[in-house]
Amino acid sequence: MSLFMSYVDMFDLFFQPETYIFNRNIKDMNPYKIVRNDNKTTLIFNALGLSSEDIKISLSKTSYGDILNISGSKKIDILNKTFDISSNFKVNIDGIKNIEYKCENGLLYIEIFYKEKPEVTVEITKK
């Protein structure tokens, strides 16, 4: 067997369908998960190929309501392809205190912190 043949065999074996497993909770067909807590919501978004510097997060008021805009783009030279994301989520801008985000291991984490709801006290008196 030649050196070339053993390299080809090894290459083919590595890419056999039964050896390739893709198992992630956040897949392209459902690219996000939402985790809600009392004072914040965390949006975990598939952002494969992008870094925090490639992402733009913005809020806008539209005729459809308040919108959280997520967009990002980066050209991957070796693949000669551009990785893009673009999504909108309906939010209540008036209830948001601040938003923080970061990209880590192919996932974009967006934390939306909410304003504390003021305690409403109503004075009740007897006449």
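Quick one: putting +1 on the C-beta of Lys and Arg, -1 on the C-beta of Asp and Glu, what dipole do you get for segment 23-101 around its Cα centre, in Debye to the nearest 20?
180 debye
Mind checking the dipole of segment 80-127: about its Cα centre, +1 per Lys or Arg Cβ, -1 per Asp or Glu Cβ, Debye to the nearest 20?
240 debye
Among residues other than Asn92 whose Cβ falls under 13 Å from its Cβ, what is the net charge (Lys/Arg +1, Asp/Glu -1)?
+3
Taking amide hydrogens as modeled 1.01 Å from N in the peptide plane, which residues meet the under 5 Å criterion relative to Ala47, leaving out close sequence neighbours?
For Ala47, the qualifying residues are Leu107, Leu108.
Could you state the number of Å between the C-alpha centres of segment 93-127 and segment 61-77?
21 Å
Using DSSP to call loops (not H, G, I, E or B), can you name the GluC sites (Glu not before Pro) in segment 94-127 whose Cβ has at most 11 other Cβ atoms within 10 angstrom?
When the GluC sites (Glu not before Pro) of segment 94-127 are filtered for loop state and at most 11 Cβ neighbours within 10 Å, Glu116, Glu119, Glu123 remain.
If Lys and Arg each add +1 and Asp and Glu each add -1, what is the summed charge of the other residues whose beta carbon sits under 13 Å from the beta carbon of Lys56?
That works out to -2.
Bear in mind that the values in this text are calculations on the coordinates, not laboratory data. Just so it is clear, the structure is predicted and the values come from calculations on it, not from any experiment. Neighbour counts run over all protein chains shown; Cβ positions are idealised from the backbone, glycine included.
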